[in-house]
1. Mark the label point 7 Å from the Cα of V589 along Cα→Cβ and return the residues of the range 278-308 whose backbone N is within less than 20 Å of it.
2. Give me the percent relative contact order of the range 622-681, please, defined on Cα pairs under 8 angstrom at least 6 residues apart.
3. Give me D for the range 225-275 in µm² s⁻¹, whole number, from Stokes-Einstein with Rh from the Kirkwood sum over alpha-carbon pairs, 25 °C and 0.890 mPa s.
4. What does the charge dipole of the range 404-551 about its Cα centre add up to, to the nearest 20 debye, if the Cβ of each Lys and Arg holds +1 and the Cβ of each Asp and Glu holds -1?
5. Just report the Cα centroid separation between the range 598-652 and the range 489-552, whole Å.
6. Quick check for me: using +1 on Lys/Arg Cβ and -1 on Asp/Glu Cβ, what's the dipole size of the range 165-251 about its Cα centre, in debye to the nearest 20?
7. With the cut-off at 1.5 for a/c, could you classify the range 527-668 from its C-alpha gyration tensor as rounded, prolate or oblate?
8. Rounded, prolate or oblate for the range 330-446? Axes are the square roots of the Cα gyration tensor eigenvalues, ordered a ≥ b ≥ c, and the cut-off for rounded is a/c under 1.5.
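The values are calculated or read from the model by the stated rules, or taken from the named source; none is laboratory data. None of these values were measured; they are calculated from a predicted model. Using ideal geometry, Cβ is built from the backbone for each residue, glycine included, and neighbour counts are taken over all protein chains shown. The protein model used for the area step is the full one, side chains on, heavy atoms only, and it has no ligands, DNA or RNA in it. Shrake-Rupley method; radii C 1.70, N 1.55, O 1.52, S 1.80 Å.
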Amino acid sequence: MTTNATGGAQPTGQTDGPNEQGSPPPGATGQDDAAGTATTKTPGTGDATDPKSTTTDARTSGTGDPADAEPTTTDAAKATTGDTDKDDPTDAKATTTDTGKATTGDAGNEGATDAKAGSDGDEKKDGDGEPRDRWSAFAPAPDPVPGRPRRAARAVGRLLVHEWTLATLAALALAVGMTWPTLRYPLYTLPQDYWDPSLQAWQMAWSGHALRTEPAQLFHSNTFFPEQWSFAFSDMLLGYAPAGMIGTGPEAAVLRYNIMFVLAHALATLGAYALARQLGAGRAGAAVAGVSYTYAPWLLAQAGHLHIVSNGGIPLALAMLARGHGWSLRYGYRPERRHEGWTYTGWLVAAWQLSLGFGIGLPFAYVLAGIVLVAATTWFLRRWVLRPVKRPFGTRLLTADLVGGLIFAGVGALLAIPYFKVAELHPNAARTLGDIGIYSPPALGFFTAPAESRVWGELHEAARATLPWHPEMTLLPGFVLYALAAGGLFFSVWKLRQRLLLLAGVLVTMVLAMGTRFFDGTFTYGLLFEHLPGWNGLRTPGRMMLWTTLLLGLLAAGAVSAFADRVSEIAAERAPYRPSPWLRVATVVPVLLVLLEGLNVTPHPVVPEQPVAMRTVDGPMLVLPSSQNLDQPVMLWSTSTFPDLVNGGSGFTPTQLDDVRRVTLAFPDQTSVDYLRTLGVRNVVLLRDQIVGTPWEVTVNAPVDQLGITREEVGDAVVFRL
């Protein structure tokens, strides 16, 4: 045996038979072996017992072959000696085991003394008393701990590049661009026309004003004087009341409307994107679902109806509820992903969406009720029938659903009270199936775009001419969306059963959107109209296309997601991993094509300027001329001081306002003056720039002394004080 460079013994290639039987190996006493096996000595001493011994559990002294030697002690530490250097105390240090004794081949006192000395050596320990790793000095220096500013900067950086941050910013940028020029002159113009948008701008202003000053008078607005519950004559947009608390006057109301109009588009895109992602679609597929839901051509005809455009809370609430329940369309129910916080938030968002109006909120409420019914049935079957599972949805999640559902139902009930009051006081406000038939579109409407579509508007002009009421009957969701959804029936990340369910939803909602046009609605829309509470208050069945568009978008998202997954697989097969630029572009093309069909030529007329008299004359007052369209800008003008105003525009005309308009055609005369005094009207404002071609063009300058009233010129208006 020879020694290596560090003094460790190595076998010579031979094994002695006697040594295998347990006889002492040659050289055990420190002398040279005749066979050439050398003892290990400390340089300069010639004594093999001088080196500090290192004890182990499995080896004897290092003077012999470790394979041949029998241990000289039992249950004691065995020592191995190396060729150590006295100048380097770290090369050979002694450690003790169970008995604390070491052997070096000589069991004498000197060896024991040396072993003890080694065990008492200057071994370094860490702060906990444990031996310190001798190689730690050679380890790389640890990274410095960042300070609080740097940690904050990193957190902000991660937030800025997070998927949902980028999705939100993209939705906002798209909303500004796709609704342009809404924000070009936001103080003076309104999208599509200034009739319904003026009404809705007033609604936001009134709700903010009432909640800030007299909350008890919220539903008794300043318009339609002296009617009660007048704020519930149409969808109230109550969810935008916080925005209505900012600013006063018509210009602030117009600015507020335009901002909320753009934000509503952004929220719709983000909500549909979130729903598609939660259900299991990829980013590209979810983007298609988001933009198709928001910028479908048929919605361009609804640009003047903020309560219809404000639909983003629907998919967002569904996404949050699905997230809270750990459910997705692609992966099913995953209990480990449940989170009751998302469930509470989803119910609150749903309640907020309902507060924007029952026009689209009521069908949403029934959809949620259906989902709850299915979920409750599933819970019952899993808990008691199919396979008994204790609390399959979890106690906290079940509590969240109960509390959230009660909040949603409570908000709906409170908002419904004013509408029931209106229905009781104004029987003429009730709809009939005949009224529904006026707004029910034929099948051609699903392939006809409104005039506001930049791509299809002019091309579909002849088709629109055949529709009885084309603003509510041009229901094209987009030919690109049709194609992508059709492709999603054959190539998709959704399972076949799920695709068929989505297709069934598309067909059902299309049938409902046709109203009474589909076999007179006897077994479709008519059933809902007759038996579901509140459904008879919906005037335009074509707005069910909102659900058709959402379901088509989910089918399309499945196809685009499958295509994007295939692109990733192709890229993974390449070396190095790098998808082709053409493949990258191909995943973006569907989104661009959907956006192309959503481009608009929506007009943005200038809002009529507020007459000076509307800022100075007290109420109760009547502004003439009066009609449905003319009264809506008058409502907007009243936002300076909110005087009591006889004028008003809504989904129906109260009998009393109809009488006022009929009686005052001869104003000023004794009959009209007496009638207005009976109502409590104190001032009448006659607008000179709007009386051309009306009876007032002649009577505006008639003598009034014998009527007991006075006349005063205020700007471009004539004020009659009763």
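1. Answer for this model: 282-292.
2. 30
3. 188
4. 440
5. When both Cα centres are located, 37 Å separates them.
6. Roughly 260 debye for the range 165-251.
7. prolate
8. Prolate.
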